[in-house]
Structures are given as structure tokens and as C-alpha cells.
1. Could you list, in sequence order, all residues of the stretch 107-146 that are within 16 Å of the chain's Cα centre (by Cα) and either surrounded by 13 or more Cβ atoms within 10 Å (Cβ to Cβ) or in contact (Cβ under 8 Å) with a residue 24 or more places away in the chain (or both)?
2. Could you say which residue among SER136, SER105, SER101 is at pLDDT 90 or above and not in a helix (DSSP H, G or I)?
3. Sort out which residues of the stretch 95-146 are among the hydroxyl-bearing types (Ser, Thr, Tyr) and within 22 Å of ASP44 (Cα to Cα), and write them in order of number.
4. Examine the stretch 111-125 for a residue that is at pLDDT 90 or above, on the phi < 0 side of the Ramachandran plot and in contact with a Leu (Cβ under 6 Å, 6 or more places away or on another chain), and state whether such a residue exists.
Amino acid sequence: MKALTKRTAQPTKAVSTPQDLITSLLTGNFPTLEAETQFLPEVDISETKRSFEIRANVPGVDPKKINVEVNDTTLSLSGETEKEEREEGENFYRVERSSGSFYRSFELPNTADFDKIKCTAKNGVLSISIPKKEKSKGKKIAVKAE
């Protein structure tokens, strides 16, 4: 299997202007530097005799917000982390945790059984098991004389 797309993390919102930053420093209202980003979950892809296995790191992502789809022979993963609500009046000195979305897709071999894919999420790791199709058994075909 090979990755079809590779996306890099990029901010999608501007933080603030230099004037706003200086004003907030002079007034003591420290800015909260929040940004929504796209991130690229790290994945491990392996193959056993019976299946293909994908494990993706998705810390902080609610499993209900993860989408796994198959279209033709492409498996797509997407999801998002929710923006955390902050109470008014809280002053943050450092904000490093961000919210955002992700998207990854992978080309599956034609030996994958697309109807039997199973997904589980536990402790920030999404596990996808893609069984292989059973090999068809040979069949003898009788030849009729005409």
C-alpha cells in the first residue's frame, strides 16, 4: 500500500496584528494565540498473512469525529479536534494546544476485502484492520464435444 496524499500542517487563521499585540501588552491583556490547523496523523502500515493493518495516531480526537471511507480501492481517514471553550477573564501565558482537522488516504491492493474492514479507537490510536480476500479455489471446467 502507498500513501496517495501527503498534507502538511498549515495555519488557517491569522493570529493578530502587531498593533493589537502592542496594545494588549501595554494594557496587560495578554493575547491568546489560537489557531486552527491541519495536521497529519502518523501512521504505521503492516501486512500479515490474513490482513493489512493501519494504525494512526489521533490524540485528542473524539472517535465519533473520525471518518473512515472506502471509495473504489482508496481508504480515506479524516477527522477534527474540537476547539476548547475558554472562560472569559482567563489570562493565558502560553497556548500551544490547537484544534484542527486531518485527512489521509491510502491506495489498497485489490486483494483487500473492502466489505469486512473493521475500525477501533483506543487511547488516541485508530486501528484499521483490512482482511484479505480468500483466494479462489481452482475449478475444473468440463469441455463438451459438439
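The values are calculated or read from the model by the stated rules, or taken from the named source; none is laboratory data. The structure presented is a predicted model; accordingly, all values stated were derived computationally and were not measured. Cβ atoms come from the backbone with ideal geometry, glycine included; neighbour counts cover every protein chain shown.
1. Applying the first criterion (within 16 Å of the chain's Cα centre (by Cα)) to the stretch 107-146 yields 107, 118-129.
Matches in the stretch 107-146: GLU107, CYS119, ALA121, GLY124, VAL125, LEU126, SER127, ILE128, SER129.
2. Every option except SER105 fails the conditions.
3. Restricting attention to the stretch 95-146, the residues satisfying the condition of being among the hydroxyl-bearing types (Ser, Thr, Tyr) are 98-99, 101, 103, 105, 111, 120, 127, 129, 136.
Correct list: SER101, TYR103, SER105, THR111, THR120, SER127, SER129.
4. The answer is no, given that none of the residues of the stretch 111-125 is at pLDDT 90 or above, on the phi < 0 side of the Ramachandran plot and in contact with a Leu (Cβ under 6 Å, 6 or more places away or on another chain).
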